[in-house]
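The values are calculated or read from the model by the stated rules, or taken from the named source; none is laboratory data. Just so it is clear, the structure is predicted and the values come from calculations on it, not from any experiment. FYI the Cβ positions are ideal-geometry reconstructions off the backbone, even for glycines, and counts take in every protein chain you see. With ligands, DNA and RNA removed, areas are computed over all heavy atoms of the protein, side chains included. Shrake-Rupley method; radii C 1.70, N 1.55, O 1.52, S 1.80 Å.
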Amino acid sequence: MDKNAFWQKEIETLSRRQLEVLQLKRLKKITGRVAKAVPFYRERLAACRLKPQDIKSLKDIERLPFTTREDLQATFPFGLLSVPREEVLRLHTSSGTTGKPKAIFFTKQDLNQAAELIARCLVMTGVARGDVLQNMMTYGLFTGALMMHYGAEKVGMFVIPAGPGNTERQITLMQDFKSTTLHLTPSYALYLFDVMAGKGIDPRKDLSLRRAYVGAEPYSEATRKKIEEILGIDVYNSYGLTEMNGPGVAFECAAKDGMHLWEDNFLMEIIDPKTGQTLPEGREGELVLTTLCREAMPILRYRTRDITAIMPERCRCGRTHRRIIRIKGRSDDMFIIRGINIFPQQVERVLMSVRGVAQNYQIVLQSLDQMTVKTEIIRDIFDGSVEHLVNLRSEIEDKLRAEIGVKPKVDLVEPGTLPVSEGKAKRVIDQRKL
Ligand code: ADP
Ligand code: ZN
């Protein structure tokens, strides 16, 4: 299959006007549906004096109530279900990086639709039947692995349900079955390379890898480049969240320049996280998503807490669904040192662009004005001259100060000594909260 292929060309290339007509129709329908079937939404809509028939244009979405993570937790487990229990085929819960789990339900049609969206994503990166997907996300309650699995099967890929961890076995699987495509987190991708290097494996020569879908946590463009270089592959950014099916919400096409968000399924808005006001295209803010097709559990205006912006320009691949820029971080990941707002990803971007820095790092917040960045460095430098180490440390300090506006303390540590996680990495240790 060539790189210009589509899975559902008609839908993926609808004109903006057609897309908006479809969105409005679906928005009315889904609002009507929850007003009828879900007491939580009936009350919320009544409180803002809005009847589904009052929705006349897409702009009217701004009159609908937000749904927050706390609402999902308060209505746990079945409070937002909008179909009879017998129609639910599957439960997923979020990985709970932050707070209590949330339960999300899927009907047969929901599962099929989720797999269709993944299939669109995979095809736009040029996969074909026979491509071998090694799926290294966690199987089970989380959406990451299973959703990708069903989407890949739809496309006709050969799927290895490897799950995360057991890195030696992962490498053996890659060798035995000639995996062409990986699905994994950025932190695990970097770690994987360390293990390969330790075993004397050159991924470019000894493996058949061509691409990886990397997501589930924020990472920088510098990290993408680093993974691409060391593994000799294309890395495509994959964004999703359990509340919106998991992966397959937004994904990069072959252009690798922003992620197409499937606007026939999700209505997106960017808001100012403080005021809740809608922001114009291009402005950075919190992503808010409304499910337009969900049966089991429609969600209106979900506050993702993820910070991004809509790219208004048409993409050269021909898809009309607008793209969002790389997620900058979660509004609740942000921390403040000396009054300056900092996202972990800004630190990561600096580290991954400095030669000699290895893959793993940690940010320790000691007080309101003191933070330490611990970073592993490559073996040769760690064992090398003190002068080199001192220079490297000041290079990192200076670059960090230029990027984030404060100069943190930098600790260079031995490779392999910071904790690694098989799932989502925990980068920030906030000692101020302990
Ligand atoms: P949680 O981590 O909240 O328990 P999920 O496992 O559903 O729940 O993770 C979804 C979250 O992961 C998103 O809201 C976002 O913060 C993060 N995420 C997922 N994919 C990406 C990506 N490609 N870039 C940045 N962040 C991502
Ligand atoms: Zn594109």
Inter-residue pairs, beta-carbon under 8 Å, first on the phi < 0 side of the Ramachandran plot and in region 32-43, second modelled with pLDDT under 95 and among the charged types (D, E, K, R), 6+ apart: ALA35/LYS51
Number of positions in region 290-311 that are aliphatic (A, V, I, L, M), in contact with a Ser or Thr (Cβ under 7 Å, 6 or more places away or on another chain) and open to solvent by 10 Å² or more (accessible area, probe 1.4 Å): 1
Output for region 395-420, where each listed residue is farther than 20 Å from ALA358 by Cβ and either without any contact (Cβ under 8 Å) to a residue 12 or more places away in the chain or part of a helix (DSSP H, G or I) (or both): ARG401, ALA402, ILE404, LYS407
Pair list, Cβ < 7 Å and 6+ apart or interchain, from region 314-333 residues that are more than 16 Å from LEU289 (Cβ to Cβ) and at pLDDT 95 or above to residues that are within 16 Å of ligand 1 (Cβ to nearest atom) and among the acidic types (Asp, Glu): ARG326/GLU221
Search result, residues across region 225-243 that are in contact (Cβ under 8 Å) with a residue 60 or more places away in the chain and of a type outside the set (Lys, Arg): ASP234, TYR236, ASN237, SER238, TYR239, GLY240, LEU241, THR242, GLU243
Boolean, GLN109 is open to solvent by 50 Å² or more (accessible area, probe 1.4 Å), assigned to a helix (DSSP H, G or I), of a type outside the set (Phe, Trp, Tyr) and modelled with pLDDT under 95: no
Filter pass, ASP234 being farther than 30 Å from LEU80 by Cα, crowded, with 18+ Cβ neighbours inside 10 Å and touching a Lys or Arg at 6+ places or on another chain (Cβ under 6 Å): yes
Residues that are open to solvent by 30 Å² or more (accessible area, probe 1.4 Å), at pLDDT below 95 and under 20 Å from PRO101 (Cβ atoms), drawn from region 49-71: GLU70
Strands (runs of 3 or more DSSP E) enclosed by region 278-377 - at least 2 residues per element that are more than 16 Å from ligand 1 (Cβ to nearest atom): 335-337, 340-342, 357-367, 370-377
Scope region 238-274; condition under 25 Å from LEU91 (Cβ atoms) and near ligand 2 (Cβ under 10 Å from one of its atoms); matching residues: PHE251
Pair list, Cβ < 6 Å and 6+ apart or interchain, from region 160-177 residues that are within 11 Å of MET137 (Cβ to Cβ) to residues that are open to solvent by 20 Å² or more (accessible area, probe 1.4 Å) and hydrophobic (A, V, I, L, M, F, W, C): ALA162/LEU173
Selected residue (criterion: farthest from LEU287 (Cα to Cα)) from residues of region 72-86 that are open to solvent by 20 Å² or more (accessible area, probe 1.4 Å) and in a helix (DSSP H, G or I): GLU86
Tally, over region 378-389, of residues that are outside any loop (DSSP other than H, G, I, E, B) and open to solvent by 70 Å² or more (accessible area, probe 1.4 Å): 5
Any hit, region 421-428, residues being touching a residue at least 24 places away in the same chain (Cβ under 8 Å), open to solvent by less than 80 Å² (accessible area, probe 1.4 Å) and more than 16 Å from ligand 1 (Cβ to nearest atom): no
Residue within region 200-214 that is away from ligand 2 (no atom under 16 Å from the Cβ), buried (at least 23 other Cβ atoms within 10 Å of the Cβ), free of Cβ contacts under 8 Å to residues at least 40 places away in the same chain and not aromatic (Phe, Trp, Tyr) present: yes
